[in-house]
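So the structure is just underneath, and the comments pick up after that.
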Amino acid sequence: MDWARNIGEQLAHPDGLFGSLVGSVMDAANRKPSRLAVGILNARDGERVLDAGCGTGATMAQMLRKGRCHVTGVDRSATMIRRARARMKALGKTSLCELAVGEIGHLPFVSNSYDAALALNVFYFCGDDGAMVTDLRRVLRPGGRLVAYVTHRRSMAGWSFTSKGTHRLFDQRELTALLVQGGFDPTHIHVEVHEIAHKVAGLFALARA
């Protein structure tokens with residue numbers, strides 16, 4: 001078995017028991033990126049926020065602990081949505097959230113329906129057409145904001161699964177170019193680099209519709 005490829009594929013689409021384990025590992029690895037991204041987004045009470053690629057709902061929980069925004073979580077993995085639904089129920093936050101299985105690029109939401117969106121660790125799986133970003137731009141209201149996170153390519157380049165073709169890698173220029181391709185004005189895009197862990201750098205983008 002090609003374990004590196006299997007891990008890469010599970011990161012793209014967690015499924016079953018192994019996928020649930022991958023979700024738990026990612027929750028632990030992404031505590032700092034999630035915290036920083038939630039701070040950058042700064043969701044306000046009453047806002048409608050989309051967590052695109054919500055995974056187990058850990059970042060949704062962070063937002064809902066901070067205030068009373070309304071959060072919609074969408075993920076391509078039914079395994080992750082089941083875990084997110086259980087997390088929201090345990091937190092007593094079901095009245096402030098919705099969850100759905102869906103593909104970023106074919107989001108089941110009307111245009112101009114969200115004040116803000118998070119896209120954490122999802123652009124690795126964006127095709128050359130940039131459809132993921134175009135779709136996120138579509139569902140944002142005028143002036144709405146997108147916060148995206150990916151690990152910097154210089155950190156990921158040495159990780160075995162990234163050589164298997166499952167992940168697209170980014171530096172600051174490449175992430176900015178993807179956002180522009182998806183319809184964001186380059187003058188309304190800001191990308192920062194933060195140290196996430198020892199020898200691991202992360203890219204955080206804030207783009208306004």
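Here, each number is a calculation from the coordinates, and none is a lab measurement. Worth saying up front: this structure is predicted, and the values here are computed from it rather than measured. Every residue, glycine among them, receives a Cβ derived from its backbone with ideal geometry; neighbour counts consider all protein chains shown.
Let me know the whole percent of all Cα-Cα pairs from the stretch 84-156 that are separated by more than 20 Å.
42
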Report task. Using Cα centres only, tell me the gap between the stretch 165-191 and the stretch 78-97 in whole Å. Result -> 30
Query raised in the report: What net charge is computed for the residues neighbouring Ala37, neighbours being all others with C-beta under 13 Å from the C-beta of Ala37, Lys and Arg scored +1, Asp and Glu -1?
Result: +3
Requested in this report: Within 10 Å of each residue's Cβ, count the other Cβ atoms and sort Leu206, Leu107 from fewest upward.
Outcome: Leu206, Leu107
